[in-house]
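The values are calculated or read from the model by the stated rules, or taken from the named source; none is laboratory data. Bear in mind the structure is a predicted one, so any value in this text is a computation, not a measurement. Cβ atoms come from the backbone with ideal geometry, glycine included; neighbour counts cover every protein chain shown. These area figures cover heavy atoms from the full protein model, side chains too; ligands, DNA and RNA do not enter into them. Shrake-Rupley method; radii C 1.70, N 1.55, O 1.52, S 1.80 Å.
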Amino acid sequence: MARTSRKTIEAPVQTILEPSWNTCIYGRLSFEDERKKESDSIGNQIAMLERYIEERPALKLTSVFKDINQTGTNFERPGFHEMMEAIKDGKINCIVVKDLSRFGRNYIETGTYLEKILPFFHVRFISVNDGYDSLNPSNQEEVYVVPLKNLIHDVYARDISQKTKSGLAVKRHRGEFTGCVAAYGYFKAEGGKLVIDEETAPVVRDIFKWARGGMGDMRIAQKLNELGIPSPSQYRYTKGILKSERYANMRYWYKSAVRRILVNPVYLGHMVQGKTKSDLWGNGSCVNLPQEQWVEIKHTHEPLVDEETFLAVQQMKRERESIVENRKKPQESGVLQGLVFCGDCKRSMKRRRMPKANGTAFYYFICATYEDISKHDCTKKRMDEPELLDVLYTAIRKQIDLTVDTERLVSKLNGSKSFSQCQNTLDAEIAETGKKLSRLSMLRSALYEDYREKLLDEEEYLFAKSKYEEDADVLRSRLDELSLQKNRLDTMLTPQNPWLTALKKWRKNKTITREMAVELIERVEIFGDKTVSICFRYRDEFQNLLYFIGADREAGVV
């Protein structure tokens, strides 16, 4: 009898492939964290998380979001909102943070995100230092540990808020400066003491001298600009006090900055603080406090002006403001408010009022840069409001008249050869782009399988993976663009065409109204020779419509 082999035939080992995750890093740094050691910096947070992701091939780093000087006690943070938009758009399905406190310190809101919102969007959440991964918690205890940590962070934030406020209150009553940026003319020294800044102190003294001599806030600002003196924001940026790049080009003085200096008792050597109140734990909103609750400590630092000069300037300002208030008449907001800009400096033009002898008023537009800031930075220009309204109405009327013929042609164009060709070409490209994306997705899956089976080393895998991701990003952008074009094309030859709909609404109007101007006009620019440039809304839809009308006329369709 034949002998049966007792050798066991081993079943092939099945490798379970881990899916690829479109991963983002989220880092946060609060004001309090900035005072701590360098290891808590935003750069170190991100570097640590990048290393973590690099060691895990299934995590594909697509974005980095960060919030600097933002509290963790609420989720009103620009970087966080940007991240959530990316999640809603389907671009991200995994978040990696250093620890739970970087994500949020509010127990209830943080719990809502971790337990409801992120699972709803099928988003994986990893907190590295806490050892937490929502995809597969290591044991059942983590279900209880994470909410407990959230609660601890919440209580910690409340406690820090109360202690910080108490500490600041003590410092204020000692006459120490508790703000971040000292008043122009001073700098903040050790111990919260204000010390005279010898570079800017002469400017402050000149401002008070000119004001006492009868010069108004506007004229003082103009003079400072003519002298080329950097504005307070630009000066602080050059000294490294303000870090944001947006302050680099804020070179102009405005009358509001001059006024703040002229009414501030800090220049008498007095410290006035506690004008506002904000909760470091809650939503961070700021509330103005009544003057009787302000903390004023006199003679805390060296003054820049004497009391006689300061009081004289205050008296002159009160008298001037009283005269202006008595002459002031209610000014109606113009039809073109917020729509008129200088064609040269691109700033919003000012609408000025000129009273008439009969009690009525005449309005005109002027360049604010030339009139109020510096005559060297723009050219003089003025246009009367009635003249500008006539120009705009004539231009709108021409657009409205076009709709009469265009509306008749639209029905004939629907289904025409050129329009159908364009639709077919667009549909074909959308389908082809979708196929390319699907093929890339398959290639990426196969790539990871090759890496797992050691057919590719790590360097080859990462290079190919990066190339596929770049190609996929290009294809996704193109697909978004094509989808937008298709949506516009689908509505172009229908009664819902935005350009036709908007203009038909105003066919019977004999003058421009505020509602009409806002709906039809995006921007009006006026140049020195009174040339007017009008940027209409729905201009793309109009140009596309004209293209098809022209193409079908050449083909003899219309």
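Remarks
- Scanning segment 501-523 for residues that are open to solvent by 60 Å² or more (accessible area, probe 1.4 Å) and either part of a strand (DSSP E or B) or of a type in the set (Asp, Glu) (or both) yields GLU515, GLU522, ARG523.
- Among residues of segment 210-253, those that are assigned to a helix (DSSP H, G or I), closer than 27 Å to LEU268 by Cβ and either among the hydrophobic types (A, V, I, L, M, F, W, C) or in contact (Cβ under 8 Å) with a residue 60 or more places away in the chain (or both), counted: 9
- Search result, residues across segment 98-130 that are open to solvent by 50 Å² or more (accessible area, probe 1.4 Å) and part of a strand (DSSP E or B): none
- Residues located in segment 206-233, provided they are within 23 Å of PHE187 (Cβ to Cβ), open to solvent by less than 40 Å² (accessible area, probe 1.4 Å) and either over 30 Å from the mean Cα position of the chain (by Cα) or of a type in the set (S, T, N, Q) (or both): ILE207, PHE208, ILE220, LEU224, SER231, SER233
- For segment 346-359, the candidate set comprises residues that are open to solvent by less than 70 Å² (accessible area, probe 1.4 Å) and assigned to a loop (DSSP other than H, G, I, E, B); within that set, the residue that is modelled with the lowest pLDDT is GLY359.
- Contacts under 6 angstrom Cβ, first residue in segment 433-446 being open to solvent by less than 60 Å² (accessible area, probe 1.4 Å), partner assigned to a helix (DSSP H, G or I) and of a type in the set (A, V, I, L, M, F, W, C), 6 or more apart: THR433/LEU475; THR433/LEU479; LEU437/LEU475; LEU440/ALA472
- Residue in segment 82-97 that is over 30 Å from LEU447 (Cα atoms), at pLDDT 90 or above and not small (Gly, Ala, Ser) present: yes
- Of the residues ILE95, ILE46, the single one that is more than 21 Å from the chain's Cα centre (by Cα), surrounded by 20 or more Cβ atoms within 10 Å (Cβ to Cβ), among the aliphatic types (A, V, I, L, M) and under 30 Å from ARG452 (Cα atoms) is ILE95.
- Unmet criterion (only one of (1) at pLDDT 65 or above; (2) outside any helix (DSSP H, G or I)) for VAL558: (1)
- Flag for LYS298 being under 25 Å from the mean Cα position of the chain (by Cα) and exposed (fewer than 12 other Cβ atoms within 10 Å of the Cβ): no
- Restricting segment 347-369 to residues that are without any contact (Cβ under 8 Å) to a residue 12 or more places away in the chain and not hydrophobic (A, V, I, L, M, F, W, C) leaves a set whose member that is nearest to ASP529 (Cα to Cα) is LYS356.
- Selected residue (only one of GLY334, GLY343, GLY338 is touching a strand residue (DSSP E or B) at 6+ places or on another chain (Cβ under 9 Å), at pLDDT below 85, under 23 Å from LEU520 (Cα atoms) and among the small types (Gly, Ala, Ser)): GLY334
- Segment 441-465: number of residues that are of a type outside the set (A, V, I, L, M, F, W, C), part of a helix (DSSP H, G or I) and farther than 16 Å from PRO19 by Cα: 3
- Residue, most open to solvent (accessible area, probe 1.4 Å), within segment 234-280, restricted to residues that are under 15 Å from ASP372 (Cα atoms) and of a type in the set (Gly, Ala, Ser): SER256
- Residue count, segment 525-539 (criterion: assigned to a loop (DSSP other than H, G, I, E, B) and at pLDDT 90 or above): 2
- Residue pairs meeting the criteria (Cβ under 8 Å; at least 6 apart or on separate chains; first closer than 20 Å to ASP480 by Cβ and of a type outside the set (S, T, N, Q), in segment 70-99; second open to solvent by 60 Å² or more (accessible area, probe 1.4 Å) and at pLDDT below 90): ILE87/PHE121; LYS88/PHE121
- Filtering GLY192, GLY175, GLY167, GLY179 for residues that are modelled with pLDDT of 65 or more and either among the acidic types (Asp, Glu) or surrounded by fewer than 16 Cβ atoms within 10 Å (Cβ to Cβ) (or both) leaves a single hit, GLY179.
- Here LYS375 meets each of (1) at pLDDT 85 or above; (2) open to solvent by 60 Å² or more (accessible area, probe 1.4 Å) with one exception, condition (1).
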